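S.K.: Before I ask anything, here is the structure I am working with.
Rule-based calculations on the coordinates, nothing more; no lab input. The structure presented is a predicted model; accordingly, all values stated were derived computationally and were not measured. Counting neighbours? That spans all protein chains shown, and the Cβs are built from the backbone with ideal geometry, glycine included.
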There are 2 protein chains.
Amino acid sequence: MPDIPSLADVWRSDLSHLQETAVRREEIYRGNLLHVVKDTVDLAGNMTATREMILHPGAAMVIPVLPDGRVLVEIQHRYPLAETIIEFPAGKVDAGEERFATAQRELREETGFTAGRWAYAGRVALAAAYSDERIDMWLATDLTAGANDLDEGELLELCAAGVEELMQLAQQGVITDSKTLAGLWWLERWQSGKWQPEWR
Amino acid sequence: MPDIPSLADVWRSDLSHLQETAVRREEIYRGNLLHVVKDTVDLAGNMTATREMILHPGAAMVIPVLPDGRVLVEIQHRYPLAETIIEFPAGKVDAGEERFATAQRELREETGFTAGRWAYAGRVALAAAYSDERIDMWLATDLTAGANDLDEGELLELCAAGVEELMQLAQQGVITDSKTLAGLWWLERWQSGKWQPEWR
């Protein structure tokens, strides 16, 4: 077995040789949903490359926990996957919106619920190879029911599931959505006592 | 608290009202990396909508486990995120390639290692809202070292980390890559005995 450097050592070392620096940007497409650009970048060692990518405003995902310990999930058809999937409520940051406000707004719009307590659970970068989208993840408890307010054409079924039930569905390959799997990782850490949320 | 239907009940019910059906496709962009299309779709209730999305061939990710229990990770600069990040080895399916072959090839090309035992650990859909990319995840053990074979312009640092070390880095917000977080969920399930991999 060769001597493989430890992550701790490499992570602390000078990594500037990996860096890529923007040189110029070409606008490719600005649609209703997707903003595509093609950048020319400088790599170390006088090399140049192009990077095609999606510019995204970012998003928030909420893991809403009911008083009985079950969590709210949504069933939605996702056309790109040609599948109806199970996922946590989430949505895009509006222009100028503070990211915590996005979480509160999306919870209310998609589920009708408002939450009394919130805890930040980190951030997930969806598709590092071609998108700058990052989703902030939030735990929400002390839920109060109200009326939802879905966007036009936004069709979903709201339902409640036990945490272990969701873990089983992920293990069976039923839940595959990346942000939802990341959320399940945080739920697992929380429920096992390895993560103590800082409630606000 | 309103009566929220259970996921098990809704998941078994008729969900055809959520379905979206393709009507026509418009080619938007076919770059070196990104293939962007804009589809017109029929929703239930005579509504029509457009769906802009990335067509992707799919990918494979490998969680390579060393004899001492540490796992191999890569440090790479990800231009779309403008960040140098920690992630598991992964790469795109080549045209006509069987998906398991992608996992074997990417492990060898990016790390130099080949693996004696493999176990399939499910699939992650990266960005359900705008990409059809799915990444198959694999555990790989019984590693044998060899020479790597990086693509031109593919710069990365290979290193080894303890599983608990990676969990801590995720909890601290250092690891944010969605496929890597999904992989950590599977590692957690494996190490806690909740998931018994089927080795091939």
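S.K.: Using all Cα-Cα distances in the protein assembly as shown, what percent lands in each 10 angstrom bin from 0 up to the longest?
M.R.: Histogram of Cα-Cα distances, whole percents per bin: 4, 22, 33, 26, 12, 2, 0.
S.K.: A further question follows. Can you classify the range B:69-199 as rounded, prolate or oblate using the Cα gyration tensor, where a ≥ b ≥ c are the square roots of its eigenvalues, rounded means a/c under 1.5, and otherwise it's prolate if a/b beats b/c and oblate if not?
M.R.: Numbers: a/c = 1.15, a/b = 1.03, b/c = 1.12.
Here the range B:69-199 falls in the rounded category.
S.K.: Label B:Leu66 and B:Ser6 with points 7 Å out from Cα along Cα→Cβ: what is the distance between them in nm?
M.R.: 4.6
S.K.: For chain B, with the dipole built from +1 on Lys and Arg beta-carbon atoms and -1 on Asp and Glu ones, taken about the Cα centre, which of B:Thr21, B:Val65, B:Ala8 lies farthest toward the positive end?
M.R.: Working it through, the farthest residue towards the positive pole turns out to be B:Ala8.
S.K.: Something else: Quick one: what are the phi-derived ³J(HN,Hα) couplings along the range A:33-39, Karplus 6.51/-1.76/1.60 with θ = phi - 60°, whole Hz, x for glycine and proline?
M.R.: Result, rounded to whole Hz: 10, 9, 10, 10, 10, 10, 9.
S.K.: Residues with beta-carbon under 9 Å from that of B:Met137, excluding B:Met137: net charge, scoring Lys, Arg +1 and Asp, Glu -1?
M.R.: In short, +1.
S.K.: Net charge around B:Arg78, counting only other residues with Cβ within less than 10 Å of its Cβ (Lys, Arg = +1; Asp, Glu = -1)? Walk me through the numbers before you get to the answer.
M.R.: Numbers: positive: A:Arg51; negative: A:Glu20, A:Asp132, B:Glu83, B:Glu87, B:Asp177.
Net local charge, B:Arg78 excluded: -4.
S.K.: I need the inter-copy label distances for B:Asp42: point set 7 Å along Cα to C-beta, values in nm with one decimal, smallest first.
M.R.: Result, one decimal in nm: 5.5.
S.K.: Can you give me the C-alpha center-to-center distance between the range B:125-139 and the range B:10-35, rounded to a whole angstrom?
M.R.: Spelled out, the Cα-based centre of one part sits 14 Å from the other.
S.K.: Distances from A:Gln19 to the same position in the other copies: list them in nm, one decimal, shortest first, using label points 7 Å from Cα along Cα→Cβ.
M.R.: 5.4
S.K.: Any idea how many Lys pairs in the protein assembly as shown come in under 26 angstrom at the alpha carbon, given 8 or more places apart or on separate chains?
M.R.: Close lysine pairs found across the protein assembly as shown: 19.
S.K.: In the range A:147-198, what trypsin sites (Lys or Arg not before Pro) fall in a loop by DSSP, with at most 15 other Cβ atoms inside 10 Å?
M.R.: Details: sites: A:Lys179, A:Arg189, A:Lys194; in loops: A:Lys194.
Within the range A:147-198, the qualifying trypsin sites (Lys or Arg not before Pro) (loop, at most 15 other Cβ atoms within 10 Å) are A:Lys194.
S.K.: Okay, next question. Mind listing the label-point distances from A:Glu97 to the same position on all other copies, shortest first, one decimal in nm, points 7 Å along Cα→Cβ?
M.R.: List, nearest first: 3.8 nm.
S.K.: Once you put a point 7 Å from the Cα of A:Ala145 and another 7 Å from the Cα of B:Gln196, both along the Cβ direction, what distance in nm separates them?
M.R.: Roughly 4.2 nm, to one decimal.
S.K.: Let me ask you something else. Please give the average number of partner chain Cβ atoms lying within 10 Å of the Cβ of each residue in B:4-16, rounded to a whole number. Can you show the working numbers first?
M.R.: Numbers: counts 10, 4, 6, 16, 6, 2, 9, 9, 0, 3, 0, 6, 2.
Average per residue, whole number: 6.
S.K.: Give a residue-ordered list of calculated ³J(HN,Hα) values for the range A:76-84 (Karplus: 6.51 cos²θ - 1.76 cosθ + 1.60, θ = phi - 60°; whole Hz; x for Gly, Pro).
M.R.: Rounded to whole hertz, the list is 9, 7, 10, 4, x, 8, 6, 9, 9.
S.K.: Right, here's the next one. Which whole-number percent gives the relative contact order of chain B, counting Cα pairs below 8 Å spaced six or more residues apart? Walk me through the numbers before you get to the answer.
M.R.: On the way: 371 pairs, mean separation 39.6, N = 200.
Value for chain B: 20 percent.
S.K.: In peptide A:171-177, what is the residue-averaged number of other protein chain Cβ atoms found within 10 Å of each Cβ?
M.R.: On the way: counts 7, 1, 4, 2, 3, 9, 8.
So the per-residue partner count for this stretch is 5.
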